[in-house]
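Below is one structure, written out as C-alpha coordinates; comments come after it.
The values are calculated or read from the model by the stated rules, or taken from the named source; none is laboratory data. Here the structure is a predicted model, which means the values were calculated and not measured. In this analysis, Cβ positions are derived from the backbone assuming ideal geometry, glycine residues included, and neighbour counts consider all displayed protein chains.
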Amino acid sequence: MRVLWAIARNTFKEAVRNKILYSLIFFALVMMGLSLVLDQVTIGQRSKIIKDFGLASINIFGVLIAIVVGISLVYKEIDKRTIYPILAKPVRRSQFLIGKYFGIVLTLAVEVMVMSFFLFFLLGIYAAGSGPVFDVGLFEAIAFIFMELAVVAAAAILFSSFSTPFLSGMFTLAIYIIGHLTADLKRLGALSGNLLLERLTALMYYLLPDLENFNIKGEVVYGLPLESGKIFLGSLYALVYISLLLFLSSVIFQTRDFK
Amino acid sequence: MGTLSPGKELKQRVFTIITLAALLTALWGVQKELHAYKTVEIESLIYLPSGKYLRPLALGYDQVAADILWMKAVSYFGGHYLTDKQYPWLYHILTLIIDLDPRFDFPYYFGGVVLSLEASQVDQANQILERGMEAYPQRWEFPFYVGFNYFYHKQDASKAIPYLERASSLPKSPPYLKVLVAHLSSKSGQKEAALNFYREAYQHTSDGMIRQKIKEKIDRVLSGEEKYGTGDTDTTSH
(Lines give C-alpha, C1' and ligand atoms only; values in the text may rest on other atoms or scores of the structure.)
Protein backbone atom coordinates (compact mmCIF):
# COMPACT_ATOMS: atom_id res chain seq x y z
CA MET A 1 0.00 0.00 0.00
CA ARG A 2 2.92 2.28 0.87
CA VAL A 3 4.40 1.61 -2.56
CA LEU A 4 1.11 2.41 -4.31
CA TRP A 5 0.77 5.66 -2.38
CA ALA A 6 4.36 6.69 -3.19
CA ILE A 7 3.82 6.12 -6.93
CA ALA A 8 0.42 7.81 -6.84
CA ARG A 9 1.81 10.85 -5.02
CA ASN A 10 4.64 11.17 -7.50
CA THR A 11 2.26 10.84 -10.43
CA PHE A 12 0.12 13.62 -8.99
CA LYS A 13 3.19 15.82 -8.45
CA GLU A 14 4.26 15.18 -12.03
CA ALA A 15 0.81 16.19 -13.30
CA VAL A 16 1.06 19.40 -11.28
CA ARG A 17 4.57 20.01 -12.62
CA ASN A 18 3.24 19.51 -16.14
CA LYS A 19 0.79 22.34 -15.45
CA ILE A 20 -2.23 20.07 -15.95
CA LEU A 21 -4.07 21.99 -13.26
CA TYR A 22 -3.79 25.13 -15.39
CA SER A 23 -6.77 23.73 -17.29
CA LEU A 24 -8.80 24.83 -14.28
CA ILE A 25 -8.18 28.43 -15.27
CA PHE A 26 -9.78 27.71 -18.66
CA PHE A 27 -12.70 26.08 -16.93
CA ALA A 28 -13.08 29.10 -14.66
CA LEU A 29 -12.91 31.51 -17.61
CA VAL A 30 -15.45 29.52 -19.66
CA MET A 31 -17.87 29.30 -16.77
CA MET A 32 -17.39 32.90 -15.74
CA GLY A 33 -17.85 34.15 -19.29
CA LEU A 34 -20.92 32.01 -19.76
CA SER A 35 -22.50 33.18 -16.55
CA LEU A 36 -21.87 36.81 -17.45
CA VAL A 37 -23.47 36.29 -20.86
CA LEU A 38 -26.38 34.36 -19.40
CA ASP A 39 -26.90 37.11 -16.87
CA GLN A 40 -27.60 39.45 -19.76
CA VAL A 41 -29.64 37.26 -22.08
CA THR A 42 -31.69 34.73 -20.16
CA ILE A 43 -34.98 35.17 -18.44
CA GLY A 44 -35.63 32.71 -15.63
CA GLN A 45 -34.12 29.26 -15.17
CA ARG A 46 -30.68 30.79 -14.81
CA SER A 47 -29.68 28.23 -12.19
CA LYS A 48 -30.72 25.39 -14.53
CA ILE A 49 -28.53 26.69 -17.33
CA ILE A 50 -25.56 27.30 -15.03
CA LYS A 51 -25.97 23.76 -13.63
CA ASP A 52 -26.27 22.26 -17.14
CA PHE A 53 -23.19 24.01 -18.45
CA GLY A 54 -21.27 23.57 -15.21
CA LEU A 55 -21.82 19.80 -15.10
CA ALA A 56 -21.12 19.44 -18.82
CA SER A 57 -17.90 21.46 -18.47
CA ILE A 58 -16.72 19.39 -15.49
CA ASN A 59 -17.43 16.28 -17.56
CA ILE A 60 -15.71 17.41 -20.75
CA PHE A 61 -12.67 18.95 -19.04
CA GLY A 62 -12.37 15.88 -16.84
CA VAL A 63 -12.51 13.47 -19.78
CA LEU A 64 -9.88 15.47 -21.67
CA ILE A 65 -7.57 15.46 -18.64
CA ALA A 66 -8.18 11.75 -17.98
CA ILE A 67 -7.22 10.95 -21.57
CA VAL A 68 -4.25 13.34 -21.86
CA VAL A 69 -2.72 12.33 -18.53
CA GLY A 70 -3.71 8.65 -18.75
CA ILE A 71 -2.17 7.92 -22.14
CA SER A 72 1.21 9.56 -21.59
CA LEU A 73 2.32 8.68 -18.06
CA VAL A 74 3.36 5.07 -18.57
CA TYR A 75 4.80 5.78 -22.01
CA LYS A 76 6.94 8.63 -20.66
CA GLU A 77 8.41 6.42 -17.92
CA ILE A 78 9.43 3.87 -20.55
CA ASP A 79 10.58 6.46 -23.07
CA LYS A 80 12.76 8.33 -20.56
CA ARG A 81 13.88 5.03 -19.05
CA THR A 82 12.87 6.22 -15.59
CA ILE A 83 10.93 2.96 -15.20
CA TYR A 84 14.16 0.92 -14.73
CA PRO A 85 15.21 2.31 -11.33
CA ILE A 86 11.60 1.99 -10.12
CA LEU A 87 11.23 -1.64 -11.17
CA ALA A 88 14.71 -2.43 -9.84
CA LYS A 89 13.29 -1.75 -6.38
CA PRO A 90 10.90 -4.25 -4.81
CA VAL A 91 8.00 -2.90 -6.85
CA ARG A 92 5.85 -5.20 -8.94
CA ARG A 93 4.82 -4.06 -12.40
CA SER A 94 1.15 -4.28 -11.44
CA GLN A 95 1.84 -2.08 -8.39
CA PHE A 96 3.57 0.45 -10.62
CA LEU A 97 0.59 0.55 -12.98
CA ILE A 98 -2.05 0.72 -10.25
CA GLY A 99 -0.01 3.38 -8.44
CA LYS A 100 0.07 5.42 -11.65
CA TYR A 101 -3.70 4.96 -11.97
CA PHE A 102 -4.31 6.20 -8.43
CA GLY A 103 -2.12 9.20 -9.20
CA ILE A 104 -4.33 10.08 -12.18
CA VAL A 105 -7.47 9.55 -10.10
CA LEU A 106 -6.03 11.86 -7.44
CA THR A 107 -5.34 14.52 -10.10
CA LEU A 108 -8.89 14.12 -11.41
CA ALA A 109 -10.33 14.31 -7.89
CA VAL A 110 -8.55 17.62 -7.25
CA GLU A 111 -9.69 18.96 -10.63
CA VAL A 112 -13.30 17.92 -10.07
CA MET A 113 -13.33 19.33 -6.54
CA VAL A 114 -12.01 22.72 -7.63
CA MET A 115 -14.36 22.86 -10.63
CA SER A 116 -17.33 21.90 -8.42
CA PHE A 117 -16.39 24.55 -5.90
CA PHE A 118 -16.35 27.10 -8.72
CA LEU A 119 -19.72 25.88 -9.98
CA PHE A 120 -21.29 26.28 -6.54
CA PHE A 121 -19.65 29.68 -6.22
CA LEU A 122 -21.22 30.84 -9.50
CA LEU A 123 -24.57 29.39 -8.52
CA GLY A 124 -24.33 31.33 -5.27
CA ILE A 125 -23.66 34.58 -7.13
CA TYR A 126 -25.87 34.34 -10.20
CA ALA A 127 -28.64 31.99 -9.23
CA ALA A 128 -29.26 32.76 -5.58
CA GLY A 129 -32.97 32.92 -4.95
CA SER A 130 -33.97 30.76 -7.91
CA GLY A 131 -33.47 27.44 -6.09
CA PRO A 132 -31.22 25.81 -3.53
CA VAL A 133 -27.53 26.20 -4.33
CA PHE A 134 -26.32 23.17 -2.38
CA ASP A 135 -28.65 20.38 -3.38
CA VAL A 136 -27.65 16.79 -2.77
CA GLY A 137 -28.50 15.79 -6.33
CA LEU A 138 -25.79 18.05 -7.69
CA PHE A 139 -23.21 16.32 -5.49
CA GLU A 140 -24.48 12.96 -6.71
CA ALA A 141 -24.21 14.06 -10.34
CA ILE A 142 -20.64 15.25 -9.75
CA ALA A 143 -19.77 11.97 -7.99
CA PHE A 144 -21.12 10.06 -11.00
CA ILE A 145 -19.11 12.25 -13.39
CA PHE A 146 -16.05 11.44 -11.29
CA MET A 147 -16.77 7.71 -11.59
CA GLU A 148 -17.06 8.09 -15.36
CA LEU A 149 -13.71 9.88 -15.43
CA ALA A 150 -12.16 7.11 -13.34
CA VAL A 151 -13.40 4.51 -15.88
CA VAL A 152 -12.07 6.58 -18.81
CA ALA A 153 -8.70 6.96 -17.05
CA ALA A 154 -8.56 3.18 -16.50
CA ALA A 155 -9.25 2.66 -20.22
CA ALA A 156 -6.44 5.12 -21.03
CA ILE A 157 -4.08 3.17 -18.75
CA LEU A 158 -5.08 -0.10 -20.42
CA PHE A 159 -4.33 1.20 -23.91
CA SER A 160 -1.13 2.93 -22.83
CA SER A 161 0.11 -0.35 -21.33
CA PHE A 162 0.71 -1.68 -24.86
CA SER A 163 0.36 1.19 -27.32
CA THR A 164 1.76 4.61 -28.24
CA PRO A 165 0.22 7.76 -26.71
CA PHE A 166 -1.37 8.78 -30.02
CA LEU A 167 -3.08 5.44 -30.59
CA SER A 168 -4.01 5.15 -26.92
CA GLY A 169 -5.65 8.58 -27.15
CA MET A 170 -7.62 7.54 -30.21
CA PHE A 171 -8.73 4.27 -28.61
CA THR A 172 -9.75 5.94 -25.37
CA LEU A 173 -11.69 8.63 -27.20
CA ALA A 174 -13.45 5.92 -29.21
CA ILE A 175 -14.30 4.07 -26.00
CA TYR A 176 -15.69 7.31 -24.55
CA ILE A 177 -17.91 7.92 -27.58
CA ILE A 178 -19.06 4.30 -27.93
CA GLY A 179 -19.61 4.20 -24.17
CA HIS A 180 -22.42 6.69 -24.60
CA LEU A 181 -24.04 4.81 -27.48
CA THR A 182 -23.96 1.12 -26.47
CA ALA A 183 -27.50 1.09 -25.07
CA ASP A 184 -28.83 2.59 -28.31
CA LEU A 185 -26.82 0.14 -30.39
CA LYS A 186 -28.28 -2.75 -28.40
CA ARG A 187 -31.80 -1.40 -28.94
CA LEU A 188 -31.20 -0.95 -32.66
CA GLY A 189 -29.71 -4.44 -32.87
CA ALA A 190 -32.80 -5.87 -31.19
CA LEU A 191 -35.03 -4.03 -33.68
CA SER A 192 -33.05 -5.13 -36.73
CA GLY A 193 -34.52 -8.62 -36.71
CA ASN A 194 -31.07 -9.99 -37.55
CA LEU A 195 -30.10 -12.50 -34.86
CA LEU A 196 -26.38 -12.14 -35.44
CA LEU A 197 -26.52 -8.34 -35.21
CA GLU A 198 -28.73 -8.60 -32.14
CA ARG A 199 -26.25 -10.90 -30.38
CA LEU A 200 -23.29 -8.77 -31.45
CA THR A 201 -24.79 -5.50 -30.17
CA ALA A 202 -25.85 -7.23 -26.93
CA LEU A 203 -22.30 -8.53 -26.46
CA MET A 204 -20.92 -5.04 -27.06
CA TYR A 205 -23.43 -3.65 -24.58
CA TYR A 206 -22.22 -5.95 -21.82
CA LEU A 207 -18.53 -5.87 -22.70
CA LEU A 208 -17.88 -2.22 -23.55
CA PRO A 209 -18.28 0.39 -20.82
CA ASP A 210 -21.80 1.81 -20.68
CA LEU A 211 -20.96 5.35 -19.65
CA GLU A 212 -24.62 6.34 -19.73
CA ASN A 213 -24.85 4.53 -16.38
CA PHE A 214 -23.05 7.54 -14.94
CA ASN A 215 -25.15 10.18 -16.65
CA ILE A 216 -27.70 11.50 -14.18
CA LYS A 217 -27.24 15.15 -15.12
CA GLY A 218 -30.72 15.48 -16.65
CA GLU A 219 -32.48 14.00 -13.62
CA VAL A 220 -30.48 16.13 -11.19
CA VAL A 221 -30.94 19.44 -12.96
CA TYR A 222 -34.72 18.86 -13.20
CA GLY A 223 -34.88 17.68 -9.59
CA LEU A 224 -36.26 14.26 -10.55
CA PRO A 225 -36.01 11.52 -7.92
CA LEU A 226 -32.95 9.29 -8.11
CA GLU A 227 -33.43 5.64 -7.29
CA SER A 228 -31.01 4.38 -4.66
CA GLY A 229 -30.66 1.11 -6.58
CA LYS A 230 -29.33 2.98 -9.57
CA ILE A 231 -26.85 4.91 -7.43
CA PHE A 232 -25.63 1.72 -5.77
CA LEU A 233 -25.43 -0.32 -8.97
CA GLY A 234 -23.81 2.55 -10.86
CA SER A 235 -21.07 2.76 -8.23
CA LEU A 236 -20.65 -1.01 -8.25
CA TYR A 237 -20.44 -0.97 -12.04
CA ALA A 238 -17.64 1.61 -11.93
CA LEU A 239 -15.77 -0.47 -9.36
CA VAL A 240 -16.08 -3.72 -11.33
CA TYR A 241 -15.20 -2.11 -14.64
CA ILE A 242 -12.16 -0.29 -13.25
CA SER A 243 -10.99 -3.55 -11.63
CA LEU A 244 -11.38 -5.36 -14.93
CA LEU A 245 -9.47 -2.72 -16.90
CA LEU A 246 -6.66 -2.48 -14.36
CA PHE A 247 -6.40 -6.25 -14.15
CA LEU A 248 -6.13 -6.52 -17.94
CA SER A 249 -3.58 -3.68 -17.99
CA SER A 250 -1.48 -5.46 -15.35
CA VAL A 251 -1.58 -8.76 -17.25
CA ILE A 252 -0.49 -7.03 -20.48
CA PHE A 253 2.12 -4.86 -18.73
CA GLN A 254 3.54 -7.94 -17.03
CA THR A 255 4.40 -9.51 -20.38
CA ARG A 256 5.92 -6.36 -21.91
CA ASP A 257 9.55 -6.34 -22.83
CA PHE A 258 11.21 -2.93 -22.20
CA LYS A 259 14.11 -2.15 -24.47
CA MET B 1 8.49 -13.21 -17.68
CA GLY B 2 10.27 -16.42 -18.37
CA THR B 3 11.93 -16.60 -14.93
CA LEU B 4 8.97 -18.33 -13.26
CA SER B 5 9.02 -22.07 -12.62
CA PRO B 6 6.48 -24.08 -14.70
CA GLY B 7 4.33 -24.75 -11.62
CA LYS B 8 4.21 -21.11 -10.66
CA GLU B 9 3.51 -20.04 -14.22
CA LEU B 10 0.55 -22.43 -14.42
CA LYS B 11 -0.77 -21.12 -11.11
CA GLN B 12 -0.51 -17.57 -12.39
CA ARG B 13 -2.36 -18.44 -15.60
CA VAL B 14 -5.16 -20.13 -13.68
CA PHE B 15 -5.39 -17.11 -11.38
CA THR B 16 -5.58 -14.76 -14.39
CA ILE B 17 -8.31 -16.78 -16.07
CA ILE B 18 -10.38 -17.17 -12.90
CA THR B 19 -10.08 -13.45 -12.04
CA LEU B 20 -11.01 -12.42 -15.57
CA ALA B 21 -14.00 -14.77 -15.60
CA ALA B 22 -15.15 -13.51 -12.19
CA LEU B 23 -14.84 -9.85 -13.22
CA LEU B 24 -16.65 -10.40 -16.52
CA THR B 25 -19.46 -12.28 -14.78
CA ALA B 26 -19.78 -9.51 -12.18
CA LEU B 27 -19.80 -6.90 -14.97
CA TRP B 28 -22.51 -8.75 -16.88
CA GLY B 29 -24.60 -9.15 -13.71
CA VAL B 30 -24.38 -5.49 -12.68
CA GLN B 31 -25.08 -4.23 -16.19
CA LYS B 32 -28.11 -6.54 -16.44
CA GLU B 33 -29.48 -5.14 -13.18
CA LEU B 34 -28.76 -1.58 -14.31
CA HIS B 35 -30.63 -2.22 -17.56
CA ALA B 36 -33.89 -2.17 -15.58
CA TYR B 37 -33.35 1.54 -14.92
CA LYS B 38 -32.97 2.35 -18.61
CA THR B 39 -36.64 2.82 -19.53
CA VAL B 40 -36.75 6.55 -18.91
CA GLU B 41 -33.42 7.22 -20.54
CA ILE B 42 -34.69 7.88 -24.02
CA GLU B 43 -37.36 10.25 -22.71
CA SER B 44 -34.51 12.50 -21.58
CA LEU B 45 -34.67 13.81 -25.15
CA ILE B 46 -37.61 15.92 -24.04
CA TYR B 47 -35.13 18.12 -22.24
CA LEU B 48 -33.46 19.06 -25.48
CA PRO B 49 -34.41 22.54 -26.54
CA SER B 50 -35.63 23.44 -30.01
CA GLY B 51 -33.25 22.42 -32.76
CA LYS B 52 -32.81 26.05 -33.72
CA TYR B 53 -31.05 26.66 -30.40
CA LEU B 54 -29.36 23.28 -30.52
CA ARG B 55 -27.73 24.02 -33.85
CA PRO B 56 -25.11 26.54 -32.65
CA LEU B 57 -24.27 24.19 -29.82
CA ALA B 58 -23.56 21.36 -32.23
CA LEU B 59 -20.38 23.29 -33.15
CA GLY B 60 -20.59 22.51 -36.83
CA TYR B 61 -21.43 18.86 -36.25
CA ASP B 62 -25.11 19.45 -37.07
CA GLN B 63 -25.35 16.39 -39.32
CA VAL B 64 -23.69 14.11 -36.82
CA ALA B 65 -25.93 15.43 -34.04
CA ALA B 66 -28.95 14.86 -36.31
CA ASP B 67 -27.76 11.31 -37.09
CA ILE B 68 -27.37 10.46 -33.40
CA LEU B 69 -30.82 11.89 -32.68
CA TRP B 70 -32.18 9.91 -35.62
CA MET B 71 -30.86 6.71 -34.05
CA LYS B 72 -32.50 7.78 -30.81
CA ALA B 73 -35.78 8.45 -32.65
CA VAL B 74 -35.79 5.02 -34.30
CA SER B 75 -34.92 3.41 -31.00
CA TYR B 76 -37.67 5.43 -29.23
CA PHE B 77 -40.23 4.47 -31.87
CA GLY B 78 -39.19 0.81 -31.83
CA GLY B 79 -39.23 0.61 -28.04
CA HIS B 80 -42.75 2.02 -27.79
CA TYR B 81 -44.03 0.17 -30.87
CA LEU B 82 -43.22 -3.09 -29.13
CA THR B 83 -44.73 -2.00 -25.81
CA ASP B 84 -47.39 0.70 -25.22
CA LYS B 85 -47.67 2.09 -28.78
CA GLN B 86 -47.68 5.62 -27.37
CA TYR B 87 -45.33 8.14 -28.96
CA PRO B 88 -45.79 11.49 -27.21
CA TRP B 89 -42.26 12.69 -27.95
CA LEU B 90 -41.74 11.40 -31.48
CA TYR B 91 -42.79 14.66 -33.13
CA HIS B 92 -40.48 16.65 -30.86
CA ILE B 93 -37.50 14.42 -31.64
CA LEU B 94 -38.20 14.53 -35.39
CA THR B 95 -38.45 18.32 -35.43
CA LEU B 96 -35.11 18.49 -33.60
CA ILE B 97 -33.57 16.34 -36.32
CA ILE B 98 -34.93 18.36 -39.22
CA ASP B 99 -34.03 21.62 -37.49
CA LEU B 100 -30.46 20.39 -37.16
CA ASP B 101 -30.25 18.91 -40.64
CA PRO B 102 -33.04 20.08 -42.97
CA ARG B 103 -31.55 18.14 -45.92
CA PHE B 104 -31.92 14.83 -44.09
CA ASP B 105 -34.93 13.56 -46.06
CA PHE B 106 -35.91 10.29 -44.42
CA PRO B 107 -37.25 11.82 -41.18
CA TYR B 108 -39.83 13.72 -43.29
CA TYR B 109 -41.15 10.49 -44.81
CA PHE B 110 -40.98 8.68 -41.52
CA GLY B 111 -42.72 11.47 -39.60
CA GLY B 112 -45.28 12.11 -42.33
CA VAL B 113 -46.39 8.50 -42.50
CA VAL B 114 -45.72 7.06 -39.05
CA LEU B 115 -47.00 10.01 -36.99
CA SER B 116 -50.34 9.85 -38.82
CA LEU B 117 -50.78 6.10 -39.27
CA GLU B 118 -49.30 4.82 -36.05
CA ALA B 119 -49.40 7.72 -33.59
CA SER B 120 -52.68 9.30 -34.82
CA GLN B 121 -50.98 12.72 -34.86
CA VAL B 122 -52.16 13.79 -38.30
CA ASP B 123 -51.63 17.54 -37.89
CA GLN B 124 -48.08 17.04 -36.63
CA ALA B 125 -47.41 14.61 -39.50
CA ASN B 126 -48.54 17.25 -41.97
CA GLN B 127 -46.39 19.91 -40.30
CA ILE B 128 -43.35 17.67 -40.78
CA LEU B 129 -44.32 17.05 -44.42
CA GLU B 130 -44.79 20.79 -45.02
CA ARG B 131 -41.21 21.24 -43.78
CA GLY B 132 -40.19 18.52 -46.24
CA MET B 133 -41.93 20.45 -49.03
CA GLU B 134 -39.90 23.54 -48.09
CA ALA B 135 -36.63 21.62 -48.05
CA TYR B 136 -37.38 19.60 -51.20
CA PRO B 137 -39.85 21.58 -53.33
CA GLN B 138 -39.35 19.21 -56.28
CA ARG B 139 -40.22 15.97 -54.46
CA TRP B 140 -43.74 14.85 -55.32
CA GLU B 141 -43.93 12.46 -52.35
CA PHE B 142 -44.26 15.15 -49.65
CA PRO B 143 -47.36 16.92 -51.01
CA PHE B 144 -48.72 13.48 -51.94
CA TYR B 145 -48.50 12.31 -48.33
CA VAL B 146 -50.07 15.55 -47.04
CA GLY B 147 -52.95 14.96 -49.45
CA PHE B 148 -53.08 11.34 -48.40
CA ASN B 149 -53.26 12.32 -44.72
CA TYR B 150 -56.09 14.79 -45.36
CA PHE B 151 -57.99 12.26 -47.44
CA TYR B 152 -57.31 9.14 -45.41
CA HIS B 153 -57.35 10.42 -41.85
CA LYS B 154 -59.36 13.63 -41.97
CA GLN B 155 -61.64 12.42 -44.79
CA ASP B 156 -61.39 15.87 -46.29
CA ALA B 157 -61.03 15.71 -50.07
CA SER B 158 -61.27 19.49 -50.47
CA LYS B 159 -58.07 19.96 -48.48
CA ALA B 160 -56.38 16.95 -50.06
CA ILE B 161 -56.91 18.01 -53.69
CA PRO B 162 -54.58 21.07 -53.80
CA TYR B 163 -51.74 18.98 -52.39
CA LEU B 164 -52.38 16.11 -54.76
CA GLU B 165 -52.55 18.57 -57.66
CA ARG B 166 -49.20 19.97 -56.61
CA ALA B 167 -47.75 16.46 -56.29
CA SER B 168 -49.04 15.50 -59.75
CA SER B 169 -47.36 18.53 -61.32
CA LEU B 170 -43.91 17.70 -59.93
CA PRO B 171 -41.22 15.72 -61.76
CA LYS B 172 -41.26 11.91 -61.51
CA SER B 173 -44.79 11.84 -60.06
CA PRO B 174 -46.73 8.75 -61.17
CA PRO B 175 -49.20 9.38 -64.02
CA TYR B 176 -52.18 8.01 -62.05
CA LEU B 177 -52.06 11.06 -59.77
CA LYS B 178 -53.53 13.36 -62.44
CA VAL B 179 -56.43 10.94 -63.01
CA LEU B 180 -56.92 10.60 -59.29
CA VAL B 181 -57.15 14.37 -58.80
CA ALA B 182 -59.73 14.60 -61.59
CA HIS B 183 -61.87 11.85 -60.00
CA LEU B 184 -61.63 13.30 -56.54
CA SER B 185 -62.74 16.68 -57.89
CA SER B 186 -66.03 15.24 -59.12
CA LYS B 187 -68.23 14.01 -56.26
CA SER B 188 -69.73 11.17 -58.33
CA GLY B 189 -66.47 9.30 -58.80
CA GLN B 190 -65.27 9.65 -55.24
CA LYS B 191 -65.75 6.15 -53.89
CA GLU B 192 -63.98 4.59 -56.86
CA ALA B 193 -61.29 7.27 -56.74
CA ALA B 194 -60.79 6.71 -53.02
CA LEU B 195 -60.35 3.00 -53.53
CA ASN B 196 -57.92 3.55 -56.41
CA PHE B 197 -56.03 6.01 -54.26
CA TYR B 198 -55.67 3.55 -51.41
CA ARG B 199 -54.77 0.71 -53.77
CA GLU B 200 -52.03 2.80 -55.38
CA ALA B 201 -50.72 3.83 -51.97
CA TYR B 202 -50.79 0.15 -50.98
CA GLN B 203 -48.82 -0.82 -54.08
CA HIS B 204 -46.21 1.88 -53.53
CA THR B 205 -45.59 1.20 -49.84
CA SER B 206 -43.00 -1.33 -48.84
CA ASP B 207 -43.41 -1.09 -45.07
CA GLY B 208 -45.44 -4.05 -43.76
CA MET B 209 -47.12 -2.19 -40.92
CA ILE B 210 -48.27 0.68 -43.16
CA ARG B 211 -49.49 -1.72 -45.86
CA GLN B 212 -51.55 -3.55 -43.28
CA LYS B 213 -53.17 -0.31 -42.13
CA ILE B 214 -54.03 0.69 -45.71
CA LYS B 215 -55.41 -2.79 -46.40
CA GLU B 216 -57.70 -2.48 -43.38
CA LYS B 217 -58.85 0.91 -44.67
CA ILE B 218 -59.67 -0.53 -48.11
CA ASP B 219 -61.71 -3.30 -46.49
CA ARG B 220 -63.62 -0.79 -44.37
CA VAL B 221 -64.43 1.43 -47.38
CA LEU B 222 -65.49 -1.60 -49.44
CA SER B 223 -67.79 -2.85 -46.72
CA GLY B 224 -69.34 0.63 -46.39
CA GLU B 225 -68.22 0.77 -42.78
CA GLU B 226 -66.29 3.96 -43.37
CA LYS B 227 -66.81 7.16 -45.35
CA TYR B 228 -64.30 8.39 -47.82
CA GLY B 229 -63.12 11.83 -48.75
CA THR B 230 -66.25 13.97 -48.49
CA GLY B 231 -65.25 17.49 -47.70
CA ASP B 232 -67.94 18.03 -45.07
CA THR B 233 -67.37 14.96 -42.89
CA ASP B 234 -64.50 15.37 -40.52
CA THR B 235 -64.81 12.28 -38.40
CA THR B 236 -61.70 10.25 -37.92
CA SER B 237 -61.98 6.62 -37.11
CA HIS B 238 -58.39 6.36 -35.86
**Request:** Quick one: in region A:240-253, of everything that is over 15 Å from the mean Cα position of the chain (by Cα) and more than 9 Å from chain B (Cβ to nearest Cβ), which residue is surrounded by the most Cβ atoms within 10 Å (Cβ to Cβ)?
**Result:** A:SER249
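Of the residues A:VAL151, A:VAL136, A:VAL114, which is of a type in the set (A, V, I, L, M) and closer than 18 Å to A:GLY223 by Cβ? Step through it out loud before you land on a result.
Values: A:VAL151 fails: closer than 18 Å to A:GLY223 by Cβ; A:VAL114 fails: closer than 18 Å to A:GLY223 by Cβ.
Going through A:VAL151, A:VAL136, A:VAL114 in turn, the sole match is A:VAL136.
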**Prompt:** Does any residue in region A:183-211 that is at pLDDT 90 or above come within less than 7 Å, Cβ to Cβ, of a residue that is acidic (Asp, Glu) six or more places away or on a different chain, and which pairs are these?
**Reply:** A:LEU211/A:GLU148
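Specify which of the listed residues (B:LYS154, B:LYS72, B:LYS159) is basic (Lys, Arg) and touching a Ser or Thr at 6+ places or on another chain (Cβ under 7 Å). Working first, answer last.
Numbers: B:LYS72 fails: touching a Ser or Thr at 6+ places or on another chain (Cβ under 7 Å); B:LYS159 fails: touching a Ser or Thr at 6+ places or on another chain (Cβ under 7 Å).
One residue alone meets the criteria, B:LYS154.
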**Asked** Is it true that some residue in region A:206-215 is over 23 Å from A:LEU55 (Cβ atoms) and of a type outside the set (Phe, Trp, Tyr)?
**Response** yes
**Request:** Report yes if B:LEU117 is crowded, with 21+ Cβ neighbours inside 10 Å, among the aliphatic types (A, V, I, L, M) and touching a residue at least 40 places away in the same chain (Cβ under 8 Å), otherwise no.
**Result:** yes
**Message:** What's the number of the only condition in (1) more than 19 Å from B:ALA201 (Cα to Cα); (2) touching a residue at least 12 places away in the same chain (Cβ under 8 Å); (3) touching a Phe, Trp or Tyr at 6+ places or on another chain (Cβ under 6 Å) that B:HIS80 fails to meet?
**Reply:** (2)
**Message:** Can you tell me which of (1) modelled with pLDDT of 85 or more; (2) closer than 24 Å to A:ILE125 by Cα; (3) touching a helix residue (DSSP H, G or I) at 6+ places or on another chain (Cβ under 7 Å) is the one A:LYS51 doesn't meet?
**Reply:** (1)
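If only one of A:PHE27, A:PHE118 is among the hydrophobic types (A, V, I, L, M, F, W, C) and modelled with pLDDT of 80 or more, which one is it? If you could, list the steps in order and put the result at the bottom.
Values: A:PHE27 fails: modelled with pLDDT of 80 or more.
After applying the criteria, what remains is A:PHE118.
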**Request:** Could you tell me which of the residues A:LYS100, A:LYS76 is within 18 Å of A:LEU246 (Cβ to Cβ), in a helix (DSSP H, G or I) and charged (D, E, K, R)?
**Result:** A:LYS100
**Complete:** If we take region A:137-239, then helices (runs of 4 or more DSSP H) inside it with 2 or more residues that are facing chain B (nearest Cβ under 10 Å) and in contact with a strand residue (DSSP E or B) (Cβ under 9 Å, 6 or more places away or on another chain) are none
**Request:** Identify, from the list B:TYR163, B:TYR198, B:TYR150, the residue that is under 25 Å from the mean Cα position of the chain (by Cα) and at pLDDT below 85.
**Result:** B:TYR198
